[in-house]
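Reading through the C-alpha cells given below for one structure.
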Amino acid sequence: MDIAAPVGILGFGIEGKSTLRYLVRKGIREIVVMDKNPVELPELPADVHVKIFSGEKYMDGLKNAVTVVRSAGVYPLQKEIFHFQMNGGALTSQIEIFLKETKSRSVVGVTGTLGKGSTVSMIRHALNACGIPSEIGGNFGVPALDLLENETPDRISILELSSFQLMTLPVSPHVAVVLRVSTEHLDWHKSVEEYRDAKANLVRWQKRGDFCVYIRDAEPSAAIARESGAQKLCYASRDADAVFSSDSLKIDGCTLKLADCKKIGSFQLENMAAALLAVKALGADVPTALQSLKNYESLKFRMEFKGEKKGIVFYNDSYATRPDATMAAVKSMNRPFALILGGSEKNADFSELARTLAGIKNLKRIALIGATAERMQDALRQVETSMPMKIFSGLDEAFADACSVGNGGAVLLSPACASFGLFKNYKARGEAFDKLVDAF
C-alpha cells in the first residue's frame, strides 16, 4: 500500500506509537503527530523529522499532512477530518493498512458487542491444536501493524475488531466472524444505527471466496451478515452449521459438552461455536479443534475463577463493561451469589439488565459502585425487586458487603460498566478485586 508523505498520526496512544514504528520501518521520513495530550517521542533515526501538534488545537496538524493514519479512538466524523478529506487528504487506519499489506496465509476478523476476546483466543487455541501457526492482534493483543513485523506466509492472523476500528474500513478479511451485536459505545457513536453500520464494514467488502460466520439467533448480527457476499456459516439454537444449547454444541457430527470444559457459562458455547466455524472455514480439522476447547481456560478478568475461601467462591468478570456481558455472567451462576455492579457512565440502558437481575433467583444481594450506581438502583427499583442492594463509595466496601452472602455462596464482580473514575481501566479494577480475594 502506497502511503504519500508527509504522514499524520492522529492519536498517539498505544496504537499511534505502533503506527510511528511502522512508518519508520516503511521508510517514511516526514511525519506529523497529533494528540490532545502532551506527546513524548521515542528515540528516532536522525533523518526522521516529526512535527508535533498537541493541546486543544491538535488537529491543526492535518494541514501539514497528505495521508493521515487515524487511531481507533479518534472519532472520524469531525469537521476537521471532513475538511482534510475534501481538500484531497487521504484517511486510513491501522486495520486498512494491515489488510492491504499482510502476507499472512489468511486473516480472521472478529467483531460483536461481547465475546470478542474469548473468541479470538479460542480460535488461536484451536488452530494451535491443529498445528497451524497463528497470532492475535488488533483490539486484543498487539496493534495490527506490529503483526507485520516478522510475519510469515504460513501464519493465520486473528484480529479482534471494535466498531472504532471498523468505522471507516474499506476492505474486509477473508474470514469474518460476527458475534452477538446489541448496543454499545453510545457515548462515542451518535446512534445505535451508526454503531451497527460500523460493525458491518467487517463483512461489507467480502467476496465469494471469503467466509462469513454469524449467529443467526441475533437479528442485528444476521442483518450484518446479509451485507456480505461471502459464503455463510451460521450458528444457532437449531438448524444451523453449528447448533448450541444450554449445555452442549454440535458441529459436523461432533458434540462438545459444557460439563467437559474448563469454562463456565452456557454463553461460552456460542463463542466456541463461532470459533469452530472459523476454524472450519480455514480448512482445519474440526474434531481436533473441538477436543482442544475442552482444555481452554478463561482469559484474565473474563468470568475468571479466583478460588474458594471460607466457603465462598469468587469470580472476576471485570472485563464485563456492558450490560449484555453481565446478563450472560449472572445466568451462568449456580450458587447463591452476591453481585458487585456499577462503574463509569457510558449512557447505557439498564432496563433490560434490571429485569434480568430481578429474575435471577439465586442472586441474593447487589453492591453498587461508581457513577452509574444511582441510575442502576433506580432501574432495579422500577422492576419492583425486593433484593437487598446498597451503594458504596468504593470496591473495598462493596466487596465486604458481598462477602456477607456467606458459606456456600459466591461473589461475582461483573460491573456492566467501564471503570473510569474509580480505576484507570478494567485491568486495574480486576487486579484490585484479586487483591481483595487474596486478603479475604
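The values are calculated or read from the model by the stated rules, or taken from the named source; none is laboratory data. Just so it is clear, the structure is predicted and the values come from calculations on it, not from any experiment. So basically every Cβ, Gly included, is an ideal-geometry build from the backbone, and we count neighbours across all protein chains shown. With ligands, DNA and RNA removed, areas are computed over all heavy atoms of the protein, side chains included. Shrake-Rupley method; radii C 1.70, N 1.55, O 1.52, S 1.80 Å.
Below is a table of values for the structure above.
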read-out: When residues of segment 233-259 are limited to those that are of a type in the set (D, E, K, R) and under 24 Å from SER292 (Cα atoms), the one least open to solvent (accessible area, probe 1.4 Å); value: ASP241
read-out: First in segment 287-300 and under 15 Å from VAL120 (Cβ atoms), second anywhere and β-branched (Val, Ile, Thr), Cβ under 8 Å, 6 or more apart; value: ALA289/VAL279
read-out: GLY13, sole failed condition from (1) open to solvent by less than 20 Å² (accessible area, probe 1.4 Å); (2) within 25 Å of the chain's Cα centre (by Cα); (3) of a type outside the set (A, V, I, L, M, F, W, C); value: (1)
read-out: Evaluation of VAL120 against (1) within 28 Å of LEU77 (Cβ to Cβ); (2) part of a loop (DSSP other than H, G, I, E, B) (one fails), failing number; value: (2)
read-out: Matching option when the condition is modelled with pLDDT of 95 or more and open to solvent by 40 Å² or more (accessible area, probe 1.4 Å), among GLY131, GLY141; value: GLY131
read-out: Qualifying positions in segment 298-318 - part of a loop (DSSP other than H, G, I, E, B) and in contact with a strand residue (DSSP E or B) (Cβ under 9 Å, 6 or more places away or on another chain); value: SER298, LYS300, PHE301, ARG302, MET303, ASP317, SER318
read-out: Hits in segment 345-399 (condition: open to solvent by 20 Å² or more (accessible area, probe 1.4 Å), assigned to a helix (DSSP H, G or I) and free of Cβ contacts under 8 Å to residues at least 40 places away in the same chain); value: SER351, GLU352, ARG355, THR356, ALA358, GLU374, ARG375, GLN377, ASP378, ARG381, GLN382, GLU397
read-out: Residue selected from segment 187-225 under the condition within 30 Å of GLN78 (Cβ to Cβ), in a helix (DSSP H, G or I) and among the charged types (D, E, K, R), by the criterion modelled with the highest pLDDT; value: ARG204
read-out: Residue, surrounded by the fewest Cβ atoms within 10 Å (Cβ to Cβ), within segment 1-10, restricted to residues that are at pLDDT 95 or above and within 24 Å of GLY137 (Cα to Cα); value: VAL7
read-out: Pair list, Cβ < 9 Å and 6+ apart or interchain, from segment 419-440 residues that are over 15 Å from ILE369 (Cβ atoms) to residues that are assigned to a loop (DSSP other than H, G, I, E, B) and open to solvent by 90 Å² or more (accessible area, probe 1.4 Å); value: LYS427/LYS300; PHE440/LYS310
read-out: Qualifying residue in segment 259-271 (condition: modelled with pLDDT under 90, in contact with a Cys (Cβ under 9 Å, 6 or more places away or on another chain) and either within 30 Å of CYS212 (Cα to Cα) or of a type in the set (S, T, N, Q) (or both)); value: yes
